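Computed from the coordinates by the stated procedures, all read-outs in this text should not be read as laboratory data. Small disclaimer: the values here were computed from a predicted structure and weren't measured. With ideal geometry, Cβ positions are generated from the backbone for all residues, glycine too; neighbour counts draw on all protein chains shown.
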């Protein structure tokens, strides 16, 4: 009888621990440059930042358009590699500075984490 009670407590606890551990590992997995390129090329991403919806399109050739509140801003994007893995980098004229982000993906959900600190951007990949 004690064995049954122990299994009722131990097995669910073990299952929760394994789910938690796998989630923690997945949360640290950043996309490689090749994965970033494959995920974003010829795609549109939709998101909401501070209650305002935005969309961004990514051409395979490196052009991008960010749309928010009826305004469009054209820019450039590239997937790059560094010592730690892949980076999503973007350039928004008139600036000549490329800003780079680490990216994660979970299904259709993606996130951009600025290398130099700042706001985390969350988005949803729209169907092709």
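Annotations for the structure displayed:
- Sole residue being farther than 18 Å from residue 44 by Cα, without any contact (Cβ under 8 Å) to a residue 60 or more places away in the chain and assigned to a strand (DSSP E or B), chosen from 81, 90: 81
- Subset of region 52-77 that is surrounded by 15 or more Cβ atoms within 10 Å (Cβ to Cβ) and closer than 19 Å to residue 127 by Cα - its residue that is farthest from the chain's Cα centre (by Cα): 67
- Selected residue (criterion: farthest from the chain's Cα centre (by Cα)) from residues of region 93-112 that are under 14 Å from residue 39 (Cβ atoms), without any contact (Cβ under 8 Å) to a residue 60 or more places away in the chain and in a strand (DSSP E or B): 101
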